[in-house]
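Peer 1: One structure, pasted below without further comment.
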Amino acid sequence: MNSRLRWRKFVSGFMLTMTGVCALVSVSVLFFILGHLVYHGGTSISWAFFTKLPAPVGETGGGMANAILGSAKMLLLASLIGVPIGFFGAIYLAEFSGGTTAFVVRYAADLLNGVPSIVIGIFAYSIVVLPFKHFSTLAGGFALGLMMIPITLRSTEEFLRAVPGALREAAMALGASKWKTIVTVIVPAAYRGILTAVLLAFARVAGETAPLLFTALGNRFWSPGWNQPTDSLPVAIYRYAISPFEDWHRQAWAAGLVLLALILVINIVARAILSRGIAVPRS
Amino acid sequence: MATTTTTVPSAGPVVGSRSFLSRLREGDEIARIITFLFAASVVLITLLLVFELWQGSVLPRHKFGFNFFRTSVWDPIFDQFGALPFIYGTLVTASVSLLIAVPLGIGAAIFLAELAPARISDTLEFFIDLLAAVPSVIYGLLGVFVVIPLMRDYIQPALKNTLGFLPFFQGPMYGMGFLTAGIVLAIMVIPYIISVSREVLLSVPRDQREAALSLGSTHWESTWKVVVPFARAGIMGSIFLALARALGETMAVTMVIGNAPVISASLFSPGYSIAAIIANELTEATSDLHYQSLIELGLVLFLLTFILNGLARLLIVAASQRGRGMGNA
Amino acid sequence: MKRIAVLLLVVLALAGVVWADSALLINGAGATFPYPIYSKWFDEYHKTNGAAEINYQSVGSGAGIKQVTEGTVDFGATDGPMNDDQLKAYKDKHGSAILHFPTVLGAVVPTYNIPGVTTSLNFTPDALVGIFLGRISKWNDPVIANANKGVNLPANDIVVIHRSDGSGTTYIWTDYFSKVSADWKDKVGKGTSVNWPVGLGGKGNENVTGLVKQTPNSVGYVELIYAVQNKIPYGAVKNAMGEFVMADLASVSAAAAAASTTMPDDFRVSITNAKGKGVYPISSFTWLLIPQKFTDASKRDAIKGFVTWMLADGQNYAENLSYAKLPKEVVAKELTALNKIQ
């Protein structure tokens with residue numbers, strides 16, 4: 001009896017330690033990735049990287065200025081598409097809709113969310129690139145925007161719903177119409193959560209590569225306007241990583257560091273906004 | 001938490017719900033219509049996407065029918081297209097990734113939910129969430145420059161020496177291939193398993209644990225034999241979520257899998273996945289049949305992830321309901 | 001805070017719109033085979049003739065042909081000339097023809113990474129076909145060893161690396177294989193994308209080079225400059241006269257010598273396995289695919305201007321990057337053909 005108990009206790013201690021090891025291993029991967037990027041990429045980040053255009057193949061000394069700008073333009077466009085649709089759609093779901101419509105819209109959003117990014121790329125290729133006969137920033141931004149929609153929609157809806165009914169009723173008791181309540185009471189109350197949702201959606205699509213392969217294509221120069229192909233950080237990383245040139249490899253690391261730093265900073269900021277905000281009571 | 005629908009008496013003597021005109025005047029109807037249009041656009045976009053996938057794959061569906069899923073020849077010259085190698089590759093890499101990620105992920109989730117004090121648990125969860133935010137191409141970058149050499153020079157030879165009698169670990173070692181892709185995918189999906197499992201485990205009512213402990217079980221026994229089974233549905237859900245993510249991954253896979261449409265028992269062999277071949281060949285498929293076969297592959301991927309995500313959601317909701325329903329004593 | 005954000009958005013949006021017409025941007029896509037020389041050309045041309053920016057994306061000949069047919073790029077580039085079906089498809093879609101314009105001559109070389117082997121190996125056609133068919137699986141196989149007496153070839157498994165994307169380089173390679181092996185012609189055939197019996201796939205000449213460089217015991221096929229720039233060894237190939245020839249300017253030019261006087265009007269010609277002394281058997285022209293009819297006059301003029309520059313000054317950059325210049329007769333013929341573009 002005693003030895004059996006000792007065995008069970010040993011197993012217990014051992015397995016629980018193993019779970020700790022699992023957790024440690026999982027978390028340390030993040031630091032491993034960061035460490036590698038900082039080590040390899042940190043030495044290659046220079047002023048030239050941020051300001052110069054790519055050099056001809058095989059020559060050193062180019063930069064990724066056009067890729068950085070291209071990413072920025074497409075992300076801007078993606079936000080212009082993804083945020084309004086997500087935001088106003090969520091308002092509809094939380095404030096106006098009946099049960100069936102809400103179900104259908106949520107279902108569609110979840111469906112869209114689960115679509116692999118390469119399939120979104122196919123979609124954007126067939127309805128933007130082919131008819132317009134152009135690879136373009138527009139097509140790339142459209143694909144990324146599509147991916148932002150479900151994230152903003154569902155999260156915003158959650159935060160809107162979490163606003164206490166008492167606030168709504170109070171506003172209505174004071175004679176405010178529904179839309180006025182939404183604008184002046186509900187949205188401001190859910191403001192932090194909505195901002196977090198937008199930032200997280202933004203960070204999510206900032207790193208997407210696959211949909212851009214068939215939409216924005218790539219561009220060694222500055223991409224003027226919105227209807228021309230453009231380079232972007234993730235696609236540049238891909239192209240440079242699979243090449244044989246050492247100089248391009250170094251630039252890929254640097255770009256990876258910049259991209260990851262951007263995404264992590266946005267994530268951390270978003271969570272900070274949320275946690276420091278007024279605690280919204282959960283249903 | 002449903003919004004309460006109260007009736008607000010308008011300026012006139014009418015009691016009860018307001019007339020359409022009064023709602024219109026006060027802007028509510030317009031607001032409703034505008035927001036409805038935005039919400040409807042989501043549905044329309046999704047429908048359009050499914051339609052495009054279906055319409056865009058009509059040629060191979062008619063020509064090959066179900067044989068598309070049974071033939072393994074992908075030959076653009078002779079216009080023969082079979083999806084088997086890509087489905088095989090997608091499933092194998094996903095399976096390998098789950099074999100690695102599930103034990104690690106559940107173990108970590110157990111630690112975070114059961115053992116770690118709240119602050120440490122939250123801090124570690126924070127880092128895990130950051131890991132989930134790392135984009136695919138960065139994993140690909142690390143895959144090419146770190147994982148492949150590691151596999152080729154150390155891990156694959158070690159596996160071959162110790163487990164080489166198994167068909168999985170035979171054949172030439174390139175560094176790239178099913179195993180490498182599986183390992184990279186495992187790292188990518190662990191955060192999903194951890195965060196969802198942790199939530200589900202946390203929502204298991206305390207009295208379950210306490211009952212087990214009071215009957216004399218050790219901490220581990222109460223966790224493994226009572227708490228985890230209670231949260232089983234939710235954990236399964238997290239695994240389905242992870243699987244759905246692994247199936248759809250493109251960049252990290254195409255950079256390390258070797259891009260060869262091969263069906264082989266050996267995990268050292270190069271292979272191909274659905275997402276990878278679409279990424280490589282879509283913009284250059286010259287014949288219509290070739291192009292539409294790729295679209296059909298996209299449709300297959302879409303359906304797979306759709307089903308998995310749906311199941312996942314059902315399971316996770318069911319699990320949290322169960323926990324909540326029994327009360328959090 | 002909100003107001004600043006809105007203002008920023010508006011400013012950026014306007015900037016994007018205003019920026020729209022700053023330079024004439026022409027988009028082309030296609031072969032990775034000539035990418036080093038094309039990227040140099042478009043860069044130099046932009047420096048001397050700042051009006052037009054020519055953005056060339058090296059995505060493979062297959063994608064070049066497809067995208068120029070779809071009309072999503074202004075011109076394409078390929079090392080595997082379009083076949084009659086593809087030409088017809090273009091004509092059906094656009095109502096006018098697409099023209100081939102040779103730009104340089106290049107060579108596809110077998111490049112390898114064998115531990116301990118730093119010299120150039122000699123490859124017979126049988127050896128190459130055997131390796132890529134999967135029949136020859138070890139480096140010390142007699143078929144390879146017999147042509148390389150004195151070289152210490154290890155008994156390691158050969159890792160074959162080919163292209164995963166639609167490639168003109170593949171077209172040239174498989175075109176050569178189809179000429180020297182009836183077996184290959186039957187089983188695999190020639191094209192920009194084939195059903196490879198063995199091997200790993202890399203995307204573009206760039207990736208294949210990268211893979212060969214990083215993978216021990218590997219063999220791949222790449223355009224000469226990629227092997228040279230990356231300092232990886234490449235082998236000599238036995239030509240139709242039985243000589244083992246290394247790819248270089250002289251041997252590639254020799255391959256084109258016969259073809260230059262008998263060049264067809266549409267410039268589509270294969271010079272693999274050409275007869276003659278000192279010929280490198282896996283040589284090829286590479287072509288720009290330019291539509292015969294342009295709706296945009298400024299684009300048409302810019303492209304015609306570039307081609308004229310390319311046939312004169314541009315040719316001087318070729319040899320530095322190990323591409324051979326076009327024969328004089330071909331240049332003259334192209335200048336006449338340029339007039340066809342409206």
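The values are calculated or read from the model by the stated rules, or taken from the named source; none is laboratory data. All values reported here derive from a predicted model rather than from experimental measurement. Glycine gets a Cβ as well: all are built from the backbone with ideal geometry, and neighbour counts include every protein chain shown.
Peer 1: Being among the hydrophobic types (A, V, I, L, M, F, W, C) and within 20 Å of C:A63 (Cβ to Cβ) is the filter here, so list the residues in region A:100-137 that pass it. Step through it out loud before you land on a result.
Peer 2: Applying the first criterion (among the hydrophobic types (A, V, I, L, M, F, W, C)) to region A:100-137 yields A:102-105, A:108-109, A:111-112, A:115, A:118-120, A:122-124, A:127-130, A:132, A:135.
Answer for region A:100-137, where residues must be among the hydrophobic types (A, V, I, L, M, F, W, C) and within 20 Å of C:A63 (Cβ to Cβ): A:I118, A:V119, A:I120, A:I122, A:F123, A:A124, A:I127, A:V128, A:V129, A:L130, A:F132, A:F135.
Peer 1: Do we find a residue being touching a Pro at 6+ places or on another chain (Cβ under 9 Å) and surrounded by fewer than 17 Cβ atoms within 10 Å (Cβ to Cβ) anywhere in region B:63-77?
Peer 2: Checked against the condition, which is being touching a Pro at 6+ places or on another chain (Cβ under 9 Å) and surrounded by fewer than 17 Cβ atoms within 10 Å (Cβ to Cβ), region B:63-77 yields at least one hit.
Peer 1: Restricted to region A:54-90, and to residues that are more than 9 Å from every other protein chain (Cβ to nearest Cβ) and not in a helix (DSSP H, G or I), which residue is surrounded by the most Cβ atoms within 10 Å (Cβ to Cβ)?
Peer 2: A:M64
Peer 1: The conditions are (1) within 30 Å of B:Y154 (Cα to Cα); (2) surrounded by fewer than 24 Cβ atoms within 10 Å (Cβ to Cβ); (3) of a type in the set (A, V, I, L, M); (4) at pLDDT 90 or above, and B:V253 fails exactly one of them. Which is it?
Peer 2: (2)
Peer 1: Looking at C:V129 and the list (1) part of a helix (DSSP H, G or I); (2) touching a residue at least 60 places away in the same chain (Cβ under 8 Å), which single condition is not satisfied?
Peer 2: Failing condition for C:V129: (2).
Peer 1: Can you work out which of the residues in region B:297-306 that are over 11 Å from the mean Cα position of the chain (by Cα) and more than 7 Å from chain A (Cβ to nearest Cβ) is surrounded by the most Cβ atoms within 10 Å (Cβ to Cβ)?
Peer 2: B:L297
Peer 1: A further question on this structure: Can you tell which of A:V205, A:V198, A:V235 is more than 14 Å from chain B (Cβ to nearest Cβ), among the hydrophobic types (A, V, I, L, M, F, W, C) and either at positive phi or in contact (Cβ under 8 Å) with a residue 24 or more places away in the chain (or both)?
Peer 2: Of A:V205, A:V198, A:V235, the one residue that is more than 14 Å from chain B (Cβ to nearest Cβ), among the hydrophobic types (A, V, I, L, M, F, W, C) and either at positive phi or in contact (Cβ under 8 Å) with a residue 24 or more places away in the chain (or both) is A:V198.
Peer 1: Still on this model: State which residue is farthest from A:A241 (Cα to Cα) when the search covers only region B:143-176 and only residues that are over 29 Å from the mean Cα position of the chain (by Cα) and aromatic (F, W, Y).
Peer 2: So the residue we want is B:F165.
Peer 1: A further question on this structure: Assess whether A:L93 counts as being facing chain B (nearest Cβ under 8 Å), over 30 Å from A:A190 (Cα atoms) and out of contact with any Cys (no Cβ under 6 Å at 6 or more places or on another chain).
Peer 2: no
Peer 1: Also, I was wondering about something else. Can you tell me which residue within region B:217-241, out of those that are in contact with a helix residue (DSSP H, G or I) (Cβ under 6 Å, 6 or more places away or on another chain) and not in a helix (DSSP H, G or I), is farthest from B:I110 (Cα to Cα)?
Peer 2: If we take residues in region B:217-241 being in contact with a helix residue (DSSP H, G or I) (Cβ under 6 Å, 6 or more places away or on another chain) and not in a helix (DSSP H, G or I), then B:T218 is farthest from B:I110 (Cα to Cα).
Peer 1: Let me ask something additional. Pull up region B:269-296, narrow it to residues that are at the interface with chain C (Cβ under 10 Å from one of its Cβ atoms) and among the charged types (D, E, K, R), then point me to the one that is farthest from C:G202 (Cα to Cα). Don't jump to the end; show me each part of the working.
Peer 2: Filtering region B:269-296 down to residues at the interface with chain C (Cβ under 10 Å from one of its Cβ atoms) leaves B:269-272, B:276-277, B:279-288, B:290-291.
Subset that is among the charged types (D, E, K, R): B:281, B:284, B:288.
Working: B:E281: 12, B:E284: 15, B:D288: 24 Å.
So, considering only residues that are at the interface with chain C (Cβ under 10 Å from one of its Cβ atoms) and among the charged types (D, E, K, R), the one farthest from C:G202 (Cα to Cα) is B:D288.
Peer 1: Now, a different point. Given the condition surrounded by fewer than 23 Cβ atoms within 10 Å (Cβ to Cβ), within 30 Å of B:L213 (Cα to Cα) and facing chain A (nearest Cβ under 7 Å), answer yes or no: does some residue in region B:112-125 qualify?
Peer 2: The answer is yes; a qualifying residue exists.
Peer 1: Ok, one more. Let me confirm something: among A:P211, A:P188, which residue is assigned to a helix (DSSP H, G or I) and either of a type in the set (S, T, Y) or surrounded by fewer than 21 Cβ atoms within 10 Å (Cβ to Cβ) (or both)?
Peer 2: A:P188
Peer 1: Residue check: is B:I148 modelled with pLDDT of 90 or more, buried (at least 18 other Cβ atoms within 10 Å of the Cβ) and farther than 24 Å from A:A23 by Cα?
Peer 2: Numbers: modelled with pLDDT of 90 or more: yes; buried (at least 18 other Cβ atoms within 10 Å of the Cβ): yes; farther than 24 Å from A:A23 by Cα: yes.
Considered against the rule, which asks whether it is modelled with pLDDT of 90 or more, buried (at least 18 other Cβ atoms within 10 Å of the Cβ) and farther than 24 Å from A:A23 by Cα, B:I148 comes out as yes.
Peer 1: Could you pull out the residue among A:T137, A:T156, A:T100 that is of a type in the set (V, I, T) and over 23 Å from the mean Cα position of the chain (by Cα)?
Peer 2: Answer to the selection: A:T100.
Peer 1: Here is a further query. Restricting to region C:246-268, and then to whatever is without any contact (Cβ under 8 Å) to a residue 40 or more places away in the chain and not in a helix (DSSP H, G or I), can you tell me which residue is surrounded by the fewest Cβ atoms within 10 Å (Cβ to Cβ)?
Peer 2: Among those residues, the one meeting the criterion is C:T262.
Peer 1: Keeping to region C:70-93, report how many residues are outside any loop (DSSP other than H, G, I, E, B) and closer than 20 Å to A:N227 by Cβ.
Peer 2: The qualifying residues number 3.
Peer 1: All but one of (1) in a helix (DSSP H, G or I); (2) farther than 30 Å from C:G64 by Cβ; (3) among the small types (G, A, S) hold for B:S264, so report the exception by its number.
Peer 2: Against the list (1) in a helix (DSSP H, G or I); (2) farther than 30 Å from C:G64 by Cβ; (3) among the small types (G, A, S), B:S264 comes up short only on (1).
Peer 1: Could you give me the residue pairs with C-beta distances under 9 Å whose first residue belongs to region C:205-228 and is farther than 21 Å from C:K138 by Cβ and surrounded by fewer than 24 Cβ atoms within 10 Å (Cβ to Cβ), whose second residue is of a type in the set (S, T, Y) and at pLDDT below 90 wherever it lies, and which are 6+ apart or on separate chains?
Peer 2: C:V228/C:S322
Peer 1: Step by step: first the residues of region A:98-147, then only those that are facing another protein chain (nearest Cβ under 7 Å) and not in a helix (DSSP H, G or I), then the one that is surrounded by the most Cβ atoms within 10 Å (Cβ to Cβ). Which residue is that?
Peer 2: Result: A:F135.
Peer 1: Note down all Cβ pairs under 8 Å where the first residue falls in region B:272-293 and is without any contact (Cβ under 8 Å) to a residue 60 or more places away in the chain, the second is basic (K, R) and not in a loop (DSSP other than H, G, I, E, B), and they're at least six residues apart or on different chains.
Peer 2: Partner pairs satisfying both residue conditions: B:T283/C:K66; B:E284/C:K66.
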